[in-house]
Each structure stands twice: as C-alpha cells, then as structure tokens.
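So the structure is just underneath, and the comments pick up after that.
The values are calculated or read from the model by the stated rules, or taken from the named source; none is laboratory data. Bear in mind the structure is a predicted one, so any value in this text is a computation, not a measurement. Here the Cβ positions follow ideal geometry from the backbone for every residue, glycine too, while neighbour counts run over all protein chains shown. These accessible areas exclude ligands, DNA and RNA; they are computed on the full protein's heavy atoms, side chains included. Shrake-Rupley method; radii C 1.70, N 1.55, O 1.52, S 1.80 Å.
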Amino acid sequence: MDTKFARRTERIGRTTCSYWRAGKCNRNPCRFVHIETPSPPAACGYGNTAYSYGKKPHSSSENTPKYGSKKALLGDNGDRGDATRVAKAFKKSSPRICKYWINNNCAHGEQCLYLHSWFHGDGFSTVTKLHEHKKVITGIALPVGSDKLYSGSTDGTVRIWDCHTGQCAKVINLGAEVTSLISEGSWIFVGLQNAVKAWNIQAMSEFTLDGPKGRVRAMTVGNNTLFAVAEDGVIFAWRGSSKADSPFELVASLTGHTKAVVCLAVGCKMLYSGSMDQSIKVWDMDTLQCTMTLNDHTDAVTSLICWDQYLLSSSSDHTIKVWACIEAGSLEVIYTHTEENGVVSLFGMPDAEGKPILFSSCRDNSVHMYELPSFSERGRLFAKKDVALIELGPGGLFFTGDESGLLMVWKWLEVPKVASS
C-alpha cells in the first residue's frame with residue numbers, strides 16, 4: 001500500500017500541471033509541477049501556431065524555438081532547467097502578449113512565457129487606458145485648439161474626453177452606430193447610417209448631410225471639400241455654401257467602384273479611394289473626375305495614406321504597397337512589404353526625434369511599427385482586439401482605438417542626449 005502510494009506520488013511529482021499550462025491553476029501548493037517536463041504534450045492552452053520570430057515553445061524537439069541554443073535552455077546535463085530561465089529566454093525573442101494577462105487572470109506572474117505589457121520596443125510608452133465604449137471604436141478626433149478628445153463607436157455614442165483629467169466629460173447618444181468620425185477646424189463630422197452629422201463646436205450648431213446609402217465608412221477633407229463614402233461605393237462631395245439652412249452643398253457624387261469604399265486619402269491635389277472591389281481609384285480634386293485605377297491588390301483595400309510624394313496602401317491580402325509617380329503621372333508599385341496577417345489600417349507620424357514611423361495594424365491584435373524608408377521594425381503595440389484607428393495628438397501623444405472599445409493613450413519618449421567629452 002505504502003509502496004503504491006509512493007510510486008503514485010513520484011509520478012505526480014514528475015507531471016506538469018495541465019491547468020498551469022493553460023494559465024488557470026490557482027492552487028498553492030499544487031501537487032503537480034509548474035514547469036515544463038522534458039517531453040511536454042503536443043497540445044497546450046496557447047495553440048501551436050508558429051511565430052514570425054521562431055516557433056512556440058510547447059512543442060516537440062523538432063520545433064525548438066529559434067531564440068537560443070538547446071544547451072542554453074536545457075543546461076549541461078540535458079535537464080529543462082527552471083521555468084524562470086526559460087521564460088526570460090522566450091520573452092527576449094517573442095513579442096507576443098499574454099492573453100490571460102490582458103484579462104487580469106494570468107497565474108504565471110514573472111514566469112509567464114509571454115509579454116505582460118501593452119507594447120514591445122523602446123522610445124514610447126502607455127499613458128492611460130480609456131475603456132468606456134462597449135463596441136468598436138470607429139473614429140478619434142482632437143480638434144485644433146481644443147482640450148477635448150472625441151471618440152465614436154458602433155455602440156451608438158460619441159464620447160468627449162477631458163484631455164487634462166482623462167475623464168469622460170460628456171456622452172452623446174446618437175441612437176445609431178457611429179461608423180466614422182473626423183475633425184476639420186472647428187467642425188466634427190460623424191458618419192452614420194445614410195447620413196453625416198456636422199457639428200460646429202464653436203458656434204454650437206448642428207447640421208445633417210444626406211445622400212450616402214448605407215453606413216458611412218470613411219471621410220476626409222481636401223481642397224475645401226468634405227468627402228464621404230458609404231456601402232454603395234459612391235463618394236459624396238460637399239463644399240461650403242452661403243445658404244442659410246446649411247453651410248454645406250452637395251456638389252458631386254463620384255461613381256466607379258463596384259463595391260463598398262472603405263478608405264480615403266488626400267495628397268498631391270488628388271483624392272484616393274480604396275474599395276472592397278480590390279481597386280484604388282485616383283480622382284482629380286478640381287474636376288472630381290477619375291484619372292486612373294490601380295489594381296495591384298488581390299483582396300480588399302483597407303487603408304490609404306499619402307506620405308511625402310508617395311502613396312501607401314494596405315490590404316487584406318497581407319501586403320503594404322508603396323506607390324510612386326513615374327512617367328506621365330502614372331502610379332506604379334516600387335516596393336511591397338508582406339505581413340503575416342491581413343492589414344487593418346495604416347498611419348504615419350514622426351517619433352520624438354522626427355524619424356518617420358509607419359504604423360501597420362494587423363489581424364493579430366497588434367500594430368507593427370516600421371522606420372521608413374527601410375521598413376526595419378521599431379516595435380509593436382498590442383490590444384484586446386484589432387486596432388482600427390490611430391490618431392496623432394499634441395506634445396508627442398498618439399491614440400489607438402480597437403474593436404473591443406478600448407482607447408489607449410501613448411506618448412513618444414525623448415531620447416536622452418549623450419554629453420560630448
């Protein structure tokens with residue numbers, strides 16, 4: 001009897017706790033070990049998908065991660081070594097956030113193999129989290145000269161945040177999904193179903209711009225013209241009006257896309273539109289006529305930005321394309337960058353040193369940061385769900401909004417200058 005009990009106890013003592021491996025063990029002490037045994041089971045709570053920086057650690061020896069030599073992890077005698085050493089080696093190589101830490105229930109603490117941080121990299125940090133929206137954040141705007149931040153969501157609200165206190169100062173319930181939101185001067189434009197709301201925050205006036213059919217997915221302003229797109233693929237254009245009943249007049253409806261238009265950008269006196277039909281159309285903003293159609297993407301075009309003399313586009317086909325004007329004004333792809341997942345959105349801004357940084361939000365709940373023009377990776381931001389929006393703020397601040405309703409405030413950090421001898 002005692003011999004059987006001793007053997008059973010010994011066997012248990014060599015067995016890795018399955019709840020610990022899944023990040024759910026709350027027993028202290030636990031009768032099973034909280035480190036990986038030399039031959040861990042093939043399945044684990046984190047799945048078995050390969051990282052871009054190597055493979056996940058909970059797999060067979062043929063899938064050993066590329067974060068160091070086997071001897072460095074196992075020791076001279078072939079033993080696994082303590083969990084802390086393994087965790088440190090893995091963290092060094094893998095910018096993946098712990099999904100349990102996000103929800104405040106990771107049981108591993110310092111021994112967790114995944115990041116307990118909202119970012120990976122240097123030169124920036126989190127300031128605060130604002131999580132009062134209940135659904136996808138679809139717009140972030142900080143009007144010039146205002147101390148209020150505006151955010152819109154498909155939960156049907158626009159929230160106004162006090163930039164000094166970080167508190168929500170006001171909630172505007174629109175009774176319908178907010179599908180886009182931008183600001184221009186003293187105006188806030190809110191995209192809804194079949195309409196755009198225009199608010200003048202100085203005059204405290206409000207107007208409704210009708211015309212779009214379906215959800216207004218994107219808006220932009222250029223050449224004193226407001227452009228808005230909806231699910232029917234039509235681009236609506238309004239310009240200033242002297243009419244008493246409305247300061248905006250519908251001047252054109254631009255047609256040509258065969259599916260919903262989901263992104264717009266303005267640059268070099270041109271309007272660029274990206275669509276679910278996999279194409280990008282280029283429009284002359286003076287004549288409002290289409291001058292060319294770009295068809296290099298093989299899936300929906302998800303985002304467009306103009307940077308200097310270049311156009312950058314992203315797509316669900318996992319690529320970011322850089323376009324340049326060559327002969328006779330035509331645009332051609334001069335570089336294609338490939339991501340592991342589909343790209344949700346792009347945004348560009350300078351860092352604290354003025355270096356141009358491209359933000360690429362991907363379908364893995366992360367935002368990749370690249371220095372341009374080299375596309376060398378600068379770091380990553382993480383979120384609960386895909387980041388749909390990134391917006392620049394004053395004083396080195398920037399904002400991200402994800403599909404869970406989480407609004408994050410970030411700040412670029414000044415690099416300390418080294419005194420010359």
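Quick look at the numbers
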quantity	calculated
Number of the exception - residue 240 against (1) under 21 Å from residue 331 (Cα atoms); (2) of a type outside the set (A, V, I, L, M); (3) open to solvent by 40 Å² or more (accessible area, probe 1.4 Å)	(1)
Residue match in segment 343-365 (condition: assigned to a strand (DSSP E or B) and farther than 24 Å from residue 264 by Cβ)	no
Residue 181 more than 19 Å from residue 391 (Cβ to Cβ) and at pLDDT 95 or above	no
Filter result for residue 254 (touching a strand residue (DSSP E or B) at 6+ places or on another chain (Cβ under 8 Å), over 22 Å from residue 341 (Cβ atoms) and in contact (Cβ under 8 Å) with a residue 12 or more places away in the chain)	yes
Long-range neighbours under 9 Å by Cβ, at least six apart or interchain, first residue touching a residue at least 40 places away in the same chain (Cβ under 8 Å) and within 21 Å of residue 386 (Cβ to Cβ) within segment 103-122, second aromatic (Phe, Trp, Tyr) and open to solvent by 50 Å² or more (accessible area, probe 1.4 Å)	114/101; 115/101; 117/101
Residue tally, condition open to solvent by 70 Å² or more (accessible area, probe 1.4 Å), in contact with a Ser or Thr (Cβ under 9 Å, 6 or more places away or on another chain) and modelled with pLDDT of 95 or more, over segment 288-346	4
Pair list, Cβ under 7 Å, 6 or more apart: segment 262-282 residue over 13 Å from residue 305 (Cβ atoms) and among the charged types (D, E, K, R), other residue open to solvent by 20 Å² or more (accessible area, probe 1.4 Å) and part of a loop (DSSP other than H, G, I, E, B)	277/258; 277/259; 281/256
Condition broken by residue 181, with the remaining ones in (1) surrounded by fewer than 18 Cβ atoms within 10 Å (Cβ to Cβ); (2) part of a strand (DSSP E or B) satisfied	(1)
Residues located in segment 161-178, provided they are open to solvent by less than 20 Å² (accessible area, probe 1.4 Å) and modelled with pLDDT of 95 or more	178
Residue match in segment 131-150 (condition: within 15 Å of residue 411 (Cα to Cα), under 17 Å from the mean Cα position of the chain (by Cα) and loosely packed, with under 15 Cβ neighbours inside 10 Å)	no
Search result, residues across segment 184-228 that are charged (D, E, K, R) and either touching a Ser or Thr at 6+ places or on another chain (Cβ under 7 Å) or surrounded by fewer than 17 Cβ atoms within 10 Å (Cβ to Cβ) (or both)	197, 206, 210, 213, 215, 217
